[in-house]
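Contents: one structure, followed by commentary.
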Ligand SMILES: Nc1nc2c(ncn2[C@@H]2O[C@H](COP(=O)(O)OP(=O)(O)OP(=O)(O)O)[C@@H](O)[C@H]2O)c(=O)[nH]1
Ligand SMILES: [Mg+2]
């Protein structure tokens, strides 16, 4: 695979797409952040999930399967002719971990949004990316009525690895959202360095 | 842009999960594309102008051809069509098989993008 903008099999110039995830607890501002930085209105796409029902008799010839769908929000930032950045909000429901697996496959990094009123809601996301080895940062979404803490205090409360960047943000503001993404990309680039040499 | 948002408001903007009845009826039961992987962020683009339905295509194929006159990700195609990803992958596979579209898969998951891509993204974000 070349690293240039053209696909080997096609010879046609198509940009390279890269993906980052916006994770965090329920209602923490994931969709708001995607919408603030995206050049398109946040879109929604659905994955069909088929689960075999318990106690299906294989010989009956009847496929007793249940299908549900899980929705993902996403947005886009066109960087230049060569690169397009896609941002995917992770589904809030923990029972869809396998969708997280699909989303994080090939992701260059993740932003875990946190709310100081409900810090524990960000633990599952932090645990998940730590376990997977996905580069991530934590961005504290500063809701107006939430108590203010210093970044260091929150870092301590979250028991974060010292090298994981933590910053304060306002998910509603494009400038703030871009700062978050820049911090993530700088962190992810540093993490990728050993593999590059 | 977000044309899918205008239809089926209650189906689309529902809970995170809801039942889907016979989801693969549109693909006549096919759940895997004939060709291609079609990651969420694979970019697809049409190789020709929009063909007529008479060319043995379903209306959804034609809609994809119309959307993909400029490069779009698989996720965007699915969102515009208001169809689940699995179905859209099968439809895209049909078009790839006919040579009507080209696809660029993202870097393999085991590979981080080269440093110059990171730098381009950082500079791009700074200049927005
Ligand atoms: N005051 C304030 N409100 C915010 C901020 N960010 C988000 N909100 C509001 O908080 C609510 C939840 O935000 P969403 O962006 O929908 O949160 P989410 O994480 O996508 O929620 P789920 O997908 O349901 O888990 C919305 O009503 C937002 O308008 C913020 O920085 N400050
Ligand atoms: Mg949301």
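The length gained on full extension between residue B:119 and residue B:97, counted as 0.36 nm times the residue separation minus their Cα-Cα distance, comes to 4.3 nm.
Give me a single rounded figure for B:70-77: the average over its residues of other chain Cβ atoms within 10 Å of their Cβ.
Per residue, the number of nearby Cβ atoms from other chains is 4 on average.
Averaged over peptide A:139-151, the number of partner chain Cβ atoms lying within 10 Å of each residue's Cβ comes to 0.
The separation of segment A:143-197 from segment B:87-128, counted between C-alpha centres, amounts to 26 Å. Neighbour counts of C-beta atoms inside 10 Å place B:118, A:136, A:123 in the sequence A:123, B:118, A:136, starting with the fewest. On the beta carbon distance between residue B:109 and residue A:143, with R0 = 30 Å, the FRET formula returns roughly 0.30. Put a dot 7 Å past each Cα toward the Cβ at residue A:67 and residue A:167; how far apart are the dots in nm? My value for the distance between the label points is 4.2 nm. Across segment B:33-107, Cα pairs under 8 Å and at least six residues apart give a relative contact order of 50 percent. Ordered by the count of other Cβ atoms within 10 Å of each Cβ, fewest first, A:138, A:83 give A:83, A:138.
Between residue A:39 and residue A:81, the simple spin-label model (points 7 angstrom out along Cα→Cβ) gives 1.4 nm.
Taking label positions 7 Å along the Cα-Cβ direction at both residue A:131 and residue B:32, the computed distance is 2.8 nm, reported to one decimal.
Any read-out appearing in this document is the output of simple, stated calculations on the displayed coordinates, not a laboratory observation. Note that this is a predicted model, so its numbers are computed, not measured. Counting neighbours? That spans all protein chains shown, and the Cβs are built from the backbone with ideal geometry, glycine included.
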